[in-house]
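The structure appears right after this line, and notes come after that.
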Amino acid sequence: APGGLRRVLGSDRDVVVLDLTGGVDADRVGMAHGLVRAGGVLVLRVDPEARGSRGLGLHPYDPNDVTDRLRDRLLERLPPGPPRLPVPCAPPTGTPEQAAVVDVLRARLSATEPTATVVLAPRGRGKSAALGLALAGLDARVALTSTDPDGLASVHRFCDAAPVDLEDVPPDAEVIVVDEAARVPLPALQRLVADHPCARLAFATTTDGYEGTGRGFVLRFLRWLEGERPTEVLRMSTPVRWAPDDPLERAVHDLFLLDLPLGPLPPGPLAHARLDRAALAADEPLLREVFALLVHAHYRTTPSDLHRILDAPNLDVHALFVGDRVGAVNLVAREGTLPAALSADLAAGRQRIRGHALADTLVCHAGRPDAGGLRMVRSVRLATHPDVRRRGLASRLVSAVHEAYDVDLFGTLFSADPDVVRFRRQHGYEVVRVGSSASARSGQPAVVMVRPVTPVARALLADLRAELALDWPTQR
């Protein structure tokens, strides 16, 4: 199970077996491959005849409407010939790169002035061991913390620092080390830094794309940290757990399009297209362009996002081409048209629904079961190539999406960002709901915005805005 896999991340095995007969779970495969040590084997039990991918079925689609393009992609990329058995390999040893990181870490953690050091590495590079080696014998009051204390086993092989919960880090700690910091909510990390102005800090995190948090750590927390404390970033790329250019790591990265480079975008004429997903799955260069853009623009992009792009029955992929290259991408979900009885059950808490995030929010959280029957399109992800940001491409693509559907309303849900709110308002969207608490990952409350098209949707918007004004008088 995914939870079981997360509990053993950071350890290694000779053989890992994943049962995927119920459907390919992209995130589980992405997690599992990093557990296999050099010479080991990852066994995937896949039913090549089964129809329908796990977790992607939703109202009103038949199970046969869920395609199996990701499964087919996996089967096509399996190496030919009989499976290899585990090959005996020498135990993993440190690398010169790891030794250099340990030296820098130890020097900075032994300094007298407050500093921050960040260690970024894909899995299998010896990041946690480097933390332990740097802490070994350190003459200071050390606080070692992680969201998963069991995951500190690699650190404890080299030092005896006792782990503490993040909220229990003592105020007089001189050295604070946070392993897998990307899994810690952003506000909690910021509080830790603010509450310990004199401490030497070290934050380490995995940058693999299997769950998307590492990229968010870099885009959000690291940018903030560099403005608060003298910060040095250490990157590790040489594997310790397996050899460089490991065939399993290479195969998984190729399968799920992890760590794709984003090349420059030459100028060219603009053209909008709704991409045929069967053709997209067969066009590897185009699929790589689309997914690379999403990965670089959104910190939460994961292998399961590729799964949805290829197989989810209610998802559409819109692209704005600059010449023959992709300049912007908008993933949208077709939602709503729920039967009145189902909407009533959702509102009463008797049922839950998958794949209708906007409809579910309006029915359950805004208290409007009548909204469930409306035809709606939700913007899931909007990404623009960095070479052409703030040049109107996102606006042009959003306008093209609006023209492509005959619906009652368009909507979107996202972590509150003033720039995004302003952008959506420019295109006719209005805030109808603000979450009561901050997201653990972004540190911001969720915002729901709606753009009405039909009279019934405009009436709904007026009601929701009036209710929001009562709940939050300062909202304009």
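The values are calculated or read from the model by the stated rules, or taken from the named source; none is laboratory data. Small disclaimer: the values here were computed from a predicted structure and weren't measured. With ideal geometry, Cβ positions are generated from the backbone for all residues, glycine too; neighbour counts draw on all protein chains shown.
Report yes if some residue within the stretch 115-124 is at positive phi, assigned by TED's automatic domain parsing to the domain that holds Pro230 and touching a Gly at 6+ places or on another chain (Cβ under 9 Å); otherwise report no.
First, pick out the residues of the stretch 115-124 that are at positive phi: 124.
With the extra rule that they be assigned by TED's automatic domain parsing to the domain that holds Pro230, the set shrinks to 124.
Then keep just the ones that are touching a Gly at 6+ places or on another chain (Cβ under 9 Å); that gives 124.
There is at least one residue in the stretch 115-124 that is at positive phi, assigned by TED's automatic domain parsing to the domain that holds Pro230 and touching a Gly at 6+ places or on another chain (Cβ under 9 Å).
Quick one: is Thr117 crowded, with 17+ Cβ neighbours inside 10 Å, within 30 Å of the chain's Cα centre (by Cα) and modelled with pLDDT under 95?
Values: crowded, with 17+ Cβ neighbours inside 10 Å: yes; within 30 Å of the chain's Cα centre (by Cα): yes; modelled with pLDDT under 95: no.
Taking the combined requirement at face value, the residue does not satisfy it.
Which members of the stretch 295-342 meet the condition of being acidic (Asp, Glu) and part of a helix (DSSP H, G or I)?
Pass one, the stretch 295-342, residues acidic (Asp, Glu): 305, 311, 316, 324, 335.
Asp305, Asp311, listed by residue number.
Among the residues of this structure, Gly367 does not count as one that is modelled with pLDDT of 95 or more and outside the structural domain of Leu58 (by TED's automatic domain parsing). The residues listed here are Ala438, Ala446; of these, the one that is at pLDDT below 90, touching a Pro at 6+ places or on another chain (Cβ under 7 Å) and not charged (D, E, K, R) is Ala438. Selection of helices (runs of 4 or more DSSP H) fully inside the stretch 196-263 by the criterion of at least 1 residues being modelled with pLDDT of 85 or more, within 30 Å of Leu42 (Cα to Cα) and not small (Gly, Ala, Ser) returns 247-256. Within the stretch 385-403, residues that are at negative phi and outside the structural domain of Asn330 (by TED's automatic domain parsing) have Cβ atoms under 6 Å from residues that are in a loop (DSSP other than H, G, I, E, B) and surrounded by 15 or more Cβ atoms within 10 Å (Cβ to Cβ) in no pair, counting only partners at least 6 apart in sequence or on another chain.
Of all the residues in the stretch 151-175, those that are under 27 Å from the mean Cα position of the chain (by Cα) and touching a residue at least 60 places away in the same chain (Cβ under 8 Å) number 3. The residue list Ala359, Ala292 contains one member that is surrounded by 23 or more Cβ atoms within 10 Å (Cβ to Cβ), hydrophobic (A, V, I, L, M, F, W, C), touching a residue at least 12 places away in the same chain (Cβ under 8 Å) and not in a loop (DSSP other than H, G, I, E, B), which is Ala359. Scanning the stretch 70-87 for residues that are exposed (fewer than 15 other Cβ atoms within 10 Å of the Cβ), of a type in the set (A, V, I, L, M) and at pLDDT 65 or above turns up Leu75, Leu78. For first residues located in the stretch 439-466 and surrounded by fewer than 17 Cβ atoms within 10 Å (Cβ to Cβ), partners that are part of a helix (DSSP H, G or I) and modelled with pLDDT under 90 and lie 6+ apart or on another chain with Cβ distances below 6 Å do not occur.
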